[in-house]
Every structure is written in structure tokens, then in C-alpha cells.
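> Can you keep this structure in mind? I'll have questions shortly.
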Amino acid sequence: MRVLLSTIGSRGEAQPVIALAVRLRGLGHDAVVCAPPDFRAWAESLGVAYAPVGPWLRGTAKAAAGTVPTPRERQRMIEGTVAEQFRAVRSAADGCDAVVGGGALAIAARSVAEALGVPYAYAAFAPVTLPSPHHAPPVLGMLGQGPADGPADAEKLWAEDEQRWNAMWRDPLNAERRRLGLEPVADVRSHLFTDRPWLAADPVLAPWPGPPGLDVQQTGAWLLDDTRPLSREVEAFLAEGEPPVYFGLGSMRAPEGIVATMLDAARAFGRRVVISSGWADLTAPADASDCLVVGEVNQQALFPRTAAVVHHGGAGTTTVAAMAGTPQLLLPQMFDQYYHAERVRHLGLGASVPPAEGLRQALGRVLDAAPTARAVAPTIKTDGTATAADRLLSLAGTAGPVP
């Protein structure tokens, strides 16, 4: 069997589909990932076929915050995004027996599956991206939005979210569908998500709360088994003293002065710091002997040897830290990061604060959460890709959305 795995987004979207592709290859099947070009070299180093789509995204982590496009500029970007996805996804799907769309913006995947007459499944990476009366829709955050203060009318907010989806995506989506000889869709969100979406998230960290109207199939998180050793430099730093604090923001922007604030917070508790440079290219003072800056690193190997993990709240980092039994301090900025911050607090795995606010006090609370974090670690499900692969294999010979 050959499967196309399509997603748009940063590493939080790309890594899960690459992990599933690796699992499928291990079972003797072919998989091709269609995702932004940033992750091509990494995927191909794992033996995964890769079809890049859209522009490089890494520069967004260092772009000036607060720049808002005009309505016309936004419309041109949307039309170009949809057209490019249809071109790239249609080309990558040749010879495929099934198509999986992952994340919130895989606009072309279902239509391409329809045109080819092959099965389609949609996978969300956090419950908050799927409509439910038990939570509000995620907020973008990059334009200054934040989660609602206090109780929110979730059903009203989801209705407004549906309207935004249709206003933004329906016309360009239907224009591309017409080119493929397909009927127009009335509601973009339900078209992409189907009424039986998969939820590639851990059922302890991120359980599906309902409602029964969506028959959500929770597979567990799609984790890549990382066997890379830590570098000699990292091993030497770890051996020099007590477990350090890990600090990284992944693909997020870095608030001004955040590294100095983080170092001050860690030093207040006698802790050294491992800084992940990330897409923001974080650095440390040259004379900071209690700090080590690293690039790409095996989090699965590093996190169990740290005292705390301070991060942006992406699904992957949150899950790996929970697996490690290491307490977490989340600095959410956008989308599902606020949801993960709330879940970490709820489970007693740590705390969250706005970036650069109250880090010292919050870190103290987080360090005290170590016993709870260690107790929860064995409950985290690690076979999500196996579950998803089994479901994909069961689709052979069917057509349409996952039955």
C-alpha cells in the first residue's frame, strides 16, 4: 500500500505525519509526506519520500510581530495557498491508495482523494481543534488574540469559527474542486474534518471530551522513536552538575529579553540551563558557563535528565516531557498551546505563564511538581502510529472518508 500524508504547518504538524510514514515503512508499505520544505532533508534522512509544498516557514519565527495584512493581501495569500496545495498534493498523490490530511490547513487533501477515488482520513493533533461544546476554538495568537477570560459560550464561538472558515476558504476551495470536476462544498470545516476524524493525541494528556455528534477515533500521539545519541558536548554538560532546566520555544517567536529572564529564573534555584536555539535562533551570553545552547537534539533522551522543561506548549514537546516524567512550564503564544497549558495545570504536571512574565515564581512551582510528573509518565500511550497504521491498512479497497 502507498499512502499520502498531507499537512501544512511547523514541526508540530510535520513530525507526527513523518512519524506515521516511518511506521508504515517499517511495516513494508510506502508513504509520501507532502509538507513545507523546511522538513524535507530531515524526512529524507529517515528514508521518507517527501513532496514539498508552499514556502519555507522558518523565517516566521524572526519576523516582526504584529504585522497585519490588508484584506486584499490576505485574500491573495489564501488563493495562492489553496492553488499551491492542490498542485503539490495532486502530484504527490499519484499511485497512492489512501490520503491522510493532518492539522488545520490541509485544504486540498480530501478533494484530491475524491478525485482519485481513494479513501481519506483527517487527523487532528489536539482535541481543541475539533468542534465541541466543552471547549472554545483555538485562537491564532499571532495577531494579539488570546483565549477568552472566564467561561465562554463554546457553541456560539464554534458557530462563528465555522463562518470564518467558510468566508476565508470556501470560494478558493470550490474553484479548485471545479477544476477537478468535483461538486462544491457548503461547509469547509466539516468537509475537511469529516464526521469521523482521528485524534492523534494522548488520551491522558489530551482526552476527547465529546460530543457524540463527532465519532472521534483517538489513536494516541504519533511519536517518532528517536534513537539518536546526545552529543559529547551535551553529555559533558549534564555530567558537570545537577540536572539543568531545558528551555526552548520551538518554531515560535522569542519575546525580547526572554533568554536573560530564563537564566535569572533558573539561577535563583541553583539550576543550569540547556537552551534550544529553535527557529528564533536563541543565543546565550558568551560568559554564561552555566548555560549550553544546542540546535537539533533528541528530546526523548534529554528530557529525563533535566529538572524541568520550559517550552511553548506544542503538542510534541508537551507529550515528550510528560513521557519523561519531567515537570513542565509552558509559555503559550498561540493555537493549541493554551490548551496544553491548561491540561498540564489540570494534571499537576507543571504550570504556565505568559512569555517573560513571572518566570521565577512559576519555575519554583514547577520544580515542586516532579513527583506528580513522574507518576503520570507511565500512563502516556506510545503506540499511536501503530494504531493509525492499523486503521489505514483496514481501508484497502474502500473509497471516501474513513468508514
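The values are calculated or read from the model by the stated rules, or taken from the named source; none is laboratory data. If you're wondering where the values come from, they're calculated on a predicted model, not measured in any experiment. With ideal geometry, Cβ positions are generated from the backbone for all residues, glycine too; neighbour counts draw on all protein chains shown.
> Name the single residue that is surrounded by the fewest Cβ atoms within 10 Å (Cβ to Cβ) among those in segment 21-38 being closer than 15 Å to residue 102 by Cα and of a type in the set (A, V, I, L, M, F, W, C).
32
> Another question, if that's okay. Got a sec? Which of 271, 253 is within 23 Å of residue 337 (Cβ to Cβ) and out of contact with any Gly (no Cβ under 6 Å at 6 or more places or on another chain)?
253
> Does segment 274-289 contain any residue that is modelled with pLDDT of 95 or more and of a type in the set (D, E, K, R)?
no
> Ok, one more. For residue 390, which of the numbered conditions (1) in contact (Cβ under 8 Å) with a residue 24 or more places away in the chain; (2) within 28 Å of residue 98 (Cβ to Cβ); (3) assigned to a helix (DSSP H, G or I) fails to hold?
(1)
> If you don't mind, there's one more thing I want to ask. Within segment 56-115, count every residue that is among the small types (Gly, Ala, Ser), at pLDDT 80 or above, surrounded by 17 or more Cβ atoms within 10 Å (Cβ to Cβ) and not in a loop (DSSP other than H, G, I, E, B).
9
> Which fully enclosed helices (runs of 4 or more DSSP H) of segment 258-352 have 2 or more residues being closer than 22 Å to residue 199 by Cα?
It comes to 315-324, 337-347.
> Given the residues 197, 184, 209, which is the only one that is surrounded by fewer than 16 Cβ atoms within 10 Å (Cβ to Cβ) and in contact (Cβ under 8 Å) with a residue 40 or more places away in the chain?
Checking each option against the conditions leaves just 209.
> With the requirement that a residue be among the basic types (Lys, Arg) and either modelled with pLDDT of 95 or more or touching a Leu at 6+ places or on another chain (Cβ under 8 Å) (or both), what does segment 3-24 give you?
If the condition is that a residue be among the basic types (Lys, Arg) and either modelled with pLDDT of 95 or more or touching a Leu at 6+ places or on another chain (Cβ under 8 Å) (or both), then 23 is the only one that fits.
> Filter segment 1-20 down to the residues that are surrounded by fewer than 20 Cβ atoms within 10 Å (Cβ to Cβ) and either touching a strand residue (DSSP E or B) at 6+ places or on another chain (Cβ under 6 Å) or under 16 Å from residue 387 (Cα atoms) (or both) and list them by number.
If the condition is that a residue be surrounded by fewer than 20 Cβ atoms within 10 Å (Cβ to Cβ) and either touching a strand residue (DSSP E or B) at 6+ places or on another chain (Cβ under 6 Å) or under 16 Å from residue 387 (Cα atoms) (or both), then 2 is the only one that fits.
> OK, next. So is residue 372 hydroxyl-bearing (Ser, Thr, Tyr) and either exposed (fewer than 15 other Cβ atoms within 10 Å of the Cβ) or closer than 30 Å to residue 5 by Cα (or both) or not?
No.
> With the structure loaded, tell me whether residue 387 is at pLDDT 90 or above and over 23 Å from residue 249 (Cα atoms) or whether it fails that test.
So residue 387 fits the description; yes.
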